[in-house]
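This report concerns only the one structure given below.
The values are calculated or read from the model by the stated rules, or taken from the named source; none is laboratory data. What you see is a predicted model; the values in this text were computed from it and never measured. For neighbour counting, all protein chains shown are included, and Cβ atoms are generated from backbone atoms with ideal geometry for every residue, glycine included. The accessibility values were calculated without ligands, DNA or RNA, using every heavy atom of the protein model including side chains. Shrake-Rupley method; radii C 1.70, N 1.55, O 1.52, S 1.80 Å.
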Protein chains: 2
Amino acid sequence: MSFRYDIRLSGSGGQGLIMMGIILAEAIGVYDGKEVAQTQSYGPEARGGSSKAEVIVSDAEIDYPKAMKVDLLLAMNQKALDEYYEDLKPEGMLIVDSTFVKTIPRATAIQIPFTGIARDRFKKEMVANIIALGAISELTSIVSKKAVEAAVLSRVPRGTEKLNRDALKAGMAAARRVKKGAPIEAPGTGTWEHEDI
Amino acid sequence: MSFRYDIRLSGSGGQGLIMMGIILAEAIGVYDGKEVAQTQSYGPEARGGSSKAEVIVSDAEIDYPKAMKVDLLLAMNQKALDEYYEDLKPEGMLIVDSTFVKTIPRATAIQIPFTGIARDRFKKEMVANIIALGAISELTSIVSKKAVEAAVLSRVPRGTEKLNRDALKAGMAAARRVKKGAPIEAPGTGTWEHEDI
């Protein structure tokens, strides 16, 4: 049986989940050279509700491009976590934006305040998705950091390259702290000024 | 059996097919309120090759979000047409960018010089995809013009709204001419200056 890894990126409309899905898929497919399919679905029920983008990675052609049991769930807010948690495999990785997610249904979750970092450090909430991409590239081996950086820089508006590169690196740094077991300090404490990026 | 309509947008990387797929899917799903799934696939074989984005529209939840037999094929260059033509249903609609597509394998195809119009009229090749979106909204009943305009304006960079709205309208006008049976003049003749938009 061939390898397959299902990623679901979820949150609310306006958090840039679809752009994140496209960048992640391009990083994996175009730059890292794996098979990847990227899908979003909409319908009347999506109005004002949660937004999600899915990325399926495989070593063979992908017949069914919709996520089934999820290996990696990113939840950028509580509602998305509540809605999509049940599809996460028991051994799957859960990453949440702790700026908005306060109730986590299991013991092992990666909690990083993506939006808080975006706000406090970059004064731009809209880079929270890029910070989260940086964290994903640090926490998994599904995509290389080099590929993510190349894909981000090919997609973001001209003139925002430095902002987005810094946001990626902030996400990687935050993820490294989590891996080391260091607590992620609440944004607003100034801790992020001293990051090792 | 439920209604299903499969759209494939194809061309080369850099022609903005994925952004076009996202805008079209948002127009249909978010603004027009139908069920829609939007997918792109990448792999090692995609390097330097053709690019495609798929949009599936249905009146029921979409189980299989990859295009099968295609109802509408947009080919923005010859290579994409040659590669994807075989999946088009005999009764399906074929729309080509006649700037680049010179050999058409059947009698009935909508031929509009999207890139030529973008170049001559807007001095920006990058709006060829938006012109094509305008044409699709004029030629099919799968999406409303209002929904396409709303989706385009929500996705394009700030400051480019007028350019993109004009590009949409140029695509609609070109499509209206085709429907009337009027020949689409080669760009560069000045004809486009007198368009009814």
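Listed values, structure above:
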{"read-out": "Qualifying residue in region A:89-98 (condition: touching a Pro at 6+ places or on another chain (Cβ under 8 Å) and crowded, with 17+ Cβ neighbours inside 10 Å)", "value": "yes"}
{"read-out": "In region B:10-38, the residues that are part of a helix (DSSP H, G or I), more than 21 Å from B:ASP87 (Cα to Cα) and more than 7 Å from chain A (Cβ to nearest Cβ)", "value": "B:MET19, B:ILE23, B:ALA27, B:ILE28, B:TYR31"}
{"read-out": "Given (1) open to solvent by 20 Å² or more (accessible area, probe 1.4 Å); (2) over 23 Å from B:ASP32 (Cβ atoms); (3) more than 10 Å from every other protein chain (Cβ to nearest Cβ), index of the condition A:LYS52 fails", "value": "(2)"}
{"read-out": "Among the candidates B:SER41, B:SER2, residue that is open to solvent by 10 Å² or more (accessible area, probe 1.4 Å), in a strand (DSSP E or B), closer than 28 Å to A:MET68 by Cβ and within 14 Å of chain A (Cβ to nearest Cβ)", "value": "B:SER41"}
{"read-out": "So A:THR103, is it polar (S, T, N, Q), buried (at least 24 other Cβ atoms within 10 Å of the Cβ) and at pLDDT 95 or above", "value": "no"}
{"read-out": "Residues that are of a type outside the set (Gly, Ala, Ser) and touching a residue at least 40 places away in the same chain (Cβ under 8 Å), drawn from region A:89-114", "value": "A:MET93, A:ILE95, A:ASP97, A:THR99, A:ILE110, A:GLN111, A:ILE112, A:PRO113, A:PHE114"}
{"read-out": "Breaking point among (1) open to solvent by less than 10 Å² (accessible area, probe 1.4 Å); (2) touching a Gly at 6+ places or on another chain (Cβ under 8 Å), for B:GLY33", "value": "(1)"}
{"read-out": "Qualifying residues in region A:60-98 (those that are of a type in the set (Gly, Ala, Ser) and away from chain B (no Cβ under 14 Å)) - the one farthest from A:PRO113 (Cα to Cα)", "value": "A:GLY92"}
{"read-out": "Residues satisfying the stated conditions in region B:115-126, i.e. touching a residue at least 24 places away in the same chain (Cβ under 8 Å) and buried (at least 16 other Cβ atoms within 10 Å of the Cβ)", "value": "B:THR115, B:GLY116, B:ILE117, B:ALA118, B:ARG119, B:ASP120, B:ARG121, B:PHE122, B:MET126"}
